[in-house]
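Coordinate-derived values only; no laboratory data. Bear in mind that the values here come from a model prediction, so they are computed numbers and not experimental data. Cβ placement follows ideal geometry from the backbone for every residue including glycine, while neighbour counts extend to all protein chains displayed.
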Amino acid sequence: MPIARHWFLPLRQTDPQTYQGLTALMDYMEALAAAVGVEPAPAAQVSGATALTPPQPASFTVTGANGHFQIQVSNNSANLQPVYHEVASCTTMSFDAPGGLQVYGPEARTSWDITDPGATRYWRLRSKFLNSGFNAPQYFRTANGAGPAAVASGVLSASAAAARMQRSANYVTVYGEHLSAGASLANGDLSDGTPTLDFASAQVVKDGGATSLTLPKTTVRGLTAGATYVVAWDTAASIVRCSTDGGQLLGDTLIYLGTVPLPASVGAPSSSAGGGPNGTGVATNGGQYVFV
């Protein structure tokens, strides 16, 4: 005769440690049974029931930072059996393949850490018991109760969480220019006729303001017309680095200066990015606090 979960449900309040141990044992047995294609326990294990009613809805939160999505589920206390959660995300509210649908679970876990740098996605949660269907999906919403909200994961950093808590203030204005050869760039250098990134001498501070760096006047020539570059200062090599990867590989020694689109043709107006927080910490001229 198979073990039934409802046999030890009374222990949930009187002996929670034993209850958790037995629950973990049942989870293992059911996972093993599923792996070998055997039904671990018929629906009749729950007294007189042939199909369970889906669980009460759970609540969940989604946060995005450093290229990760963090999902945390809070089970409804009215659910007396283990609940299996399925989390799904999509770039649109359609939650279909054309929108890049991604599905995680169903699993008995209540937290996920999903690496997906530079992504903005909508999220939904639905839950079930082992022998029930899914309940109605819950959609992640903003704290004020508005409609479903997309969450941005942010730029991926390779450094540890503690190191990423140091922030830098960026007072640099970076220009993307494509001028005729001999024309003056924004920083006073002369153009060689190729797409160019340039900025004048400027200051950046990091480590919560404890460290101040002076960046020299810089010109980077021979870039790709019409491309968008992430520009950063390498504190280890004391040079500027730029790439078109969207900043996903922004290393631990780099201080972000700006994201600059280069003009597509000679003579097009220059575009600027950068700037930095003012004395009150409010970003100006497109600048921002950034992780280093």
Q. For GLU30, GLU107, what ranking results if the residue with the fewest other Cβ atoms within 10 Å of its Cβ goes first?
A. GLU107, GLU30
**Q.** Neighbour-count ranking [beta-carbon atoms within 10 angstrom, fewest first] of ARG124, ARG141
**A.** ARG141, ARG124
**Q.** Stretch gain in nm, segment TYR104-MET29, where the contour uses 0.36 nm per residue and the Cα spacing is subtracted
**A.** 24.9 nm
Q: Fewest Cβ neighbours within 10 Å first, please rank TYR229, TYR104, TYR84 accordingly.
A: TYR104, TYR84, TYR229
Q. Which length gain, in nm to one decimal place, applies between SER265 and SER94 when the Cα-Cα distance is subtracted from 0.36 nm times their residue separation?
A. 57.7 nm
